[in-house]
1. Would you confirm whether any residue within the stretch 131-154 is within 22 Å of Leu211 (Cβ to Cβ), surrounded by fewer than 24 Cβ atoms within 10 Å (Cβ to Cβ), among the small types (Gly, Ala, Ser) and modelled with pLDDT of 95 or more?
2. Which one of the conditions (1) more than 16 Å from the ligand (Cβ to nearest atom); (2) of a type outside the set (A, V, I, L, M); (3) in a helix (DSSP H, G or I) does Phe116 fail to meet, given that it meets all the rest?
3. Is there any pair with a first residue in the stretch 92-105 that is in contact (Cβ under 8 Å) with a residue 60 or more places away in the chain and a second that is among the hydroxyl-bearing types (Ser, Thr, Tyr) and within 6 Å of the ligand (Cβ to nearest atom) whose Cβ atoms are under 6 Å apart and which are 6 or more apart or on different chains, and what are they?
4. Look at the stretch 229-238 and say how many of its residues are more than 16 Å from the ligand (Cβ to nearest atom) and open to solvent by 10 Å² or more (accessible area, probe 1.4 Å).
5. How many residues are surrounded by fewer than 21 Cβ atoms within 10 Å (Cβ to Cβ) and in a loop (DSSP other than H, G, I, E, B) when one looks only at the stretch 279-302?
6. Hey, among the residues in the stretch 201-215 that are outside any strand (DSSP E or B) and more than 11 Å from His119 (Cα to Cα), which one's most open to solvent (accessible area, probe 1.4 Å)?
7. With respect to Asp259, determine if the residue is among the acidic types (Asp, Glu), within 16 Å of the ligand (Cβ to nearest atom), in a loop (DSSP other than H, G, I, E, B) and open to solvent by 10 Å² or more (accessible area, probe 1.4 Å).
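The values are calculated or read from the model by the stated rules, or taken from the named source; none is laboratory data. Everything numeric in this text was worked out from a predicted model, so none of it was measured. Quick reminder, even Gly has a Cβ in these numbers, built from the backbone with ideal geometry, and neighbours come from all protein chains shown. Just so you know, the surface numbers come from the protein's heavy atoms only, side chains and all, with ligands and any DNA or RNA stripped out. Shrake-Rupley method; radii C 1.70, N 1.55, O 1.52, S 1.80 Å.
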Amino acid sequence: MRFTTFAASSAALVLAASSLAQAPARPAGPPRVPTREIKQITGDLYRASNGNWYTIFLVTPDGIILGDPLNVQFAQWLKGELDSRFAGKPVRYVVYSHSHFDHAEGGAAFAATATFVAHENMARNLDGRYPQMPGDMVDRNNNGVIDRAEIDIPTTTRPGVCGMGPGFFDTFDRNGDGTMTPQELQAFIVKPTVLYSERMRIELGGKVVELVHPGLNHSDDATVMLFPAERVVFATEFLADALVTTDIHSLPSACGPFDGNPLAEWIKSYRTVEALDFDVLAGGHGGTLFSKADVAATRVYFEDLVADVSAGIAAGKSLEELKQSVTLEKYRGWVNYERLRSYNVEAAYNNLKLYR
Ligand SMILES: [Zn+2]
């Protein structure tokens, strides 16, 4: 019991610290600089990290293909590192994994040389209307702007898992008027100018990256990057969310009804990745590299969750009954089992009711 409490509160602190680190510098308080590292994956392919947020880049003779810029301070740091390590080779492409601000900010550092590429749905999420958001932050009152309560409700209901860390709203409400417009939230995101719908191939300096839209999941505008020669996949969030540090066998955050996308689409997204020819998953979160078998294991978790909750619904059980009876016994040893099992059942129940 004691251990559970400690583990839960330290995870919340980590998430809060990461959230603060994502935000632009605030005038008050000491600056908080997360750990930043560049690590080689294989050959000319590297991971770069900002705390538990990760991106990827491939160095070619004609320049660099980069994944997410993550945030303004990180991108400026990365630009300096790339310039000094790779003899000033320019970043030619920035490929967005999805539109959420905590991965997509900071592209200005590369805008002089790079083309920005994304799935076509990212344009909708950056067009000034309320975007698809992570962590159960939704337009509850349907007024088109992000109200404090729309951040605070998920933050206080599911601290350290959904919503954002303390101070988030005030940092992003840049004019301090008590509401956050989508433009304020996305002020540091460079819009993509090249959009694709299903797949796209980028060739640069004799090297190749395949972009794949896997389906709807944590976001509605995801891109998976496949590096075929390196046999590596880069994907964020839906395979390993921000709670994953070293073990991908972790119950998902399950915010809202699974981020407002049908569970059938989540499972399709996993299967799309599994169908790619690769050995290593470099995730947007998680300090270690994962395998294709790890992706399959997390997909089977979703299938088991859907099967158990569907069977309960078909048998006429209530949500409260299902939260007791769907024990997901096979996953008792997974990270966050105690903390998130009943939330997963509830999110699946609501999802299956919404999208059946
Ligand atoms: Zn996200």
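1. No, that holds for no residue.
2. Among (1) more than 16 Å from the ligand (Cβ to nearest atom); (2) of a type outside the set (A, V, I, L, M); (3) in a helix (DSSP H, G or I), Phe116 violates only (3).
3. As it stands, the answer is His98/Ser219, since those pairs meet every condition given.
4. The number of residues fulfilling the criteria is 3.
5. 4
6. Per the criteria, the residue is Gly206.
7. For Asp259, the condition - among the acidic types (Asp, Glu), within 16 Å of the ligand (Cβ to nearest atom), in a loop (DSSP other than H, G, I, E, B) and open to solvent by 10 Å² or more (accessible area, probe 1.4 Å) - is met.
For (1) under 30 Å from Leu204 (Cα atoms); (2) modelled with pLDDT of 60 or more; (3) open to solvent by less than 20 Å² (accessible area, probe 1.4 Å), each residue gets a yes or a no:
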{"site": "Val14", "(1), (2), (3)": "no, no, no"}
{"site": "Pro30", "(1), (2), (3)": "no, no, no"}
{"site": "Arg36", "(1), (2), (3)": "yes, yes, no"}
{"site": "Thr55", "(1), (2), (3)": "yes, yes, yes"}
{"site": "Pro69", "(1), (2), (3)": "yes, yes, yes"}
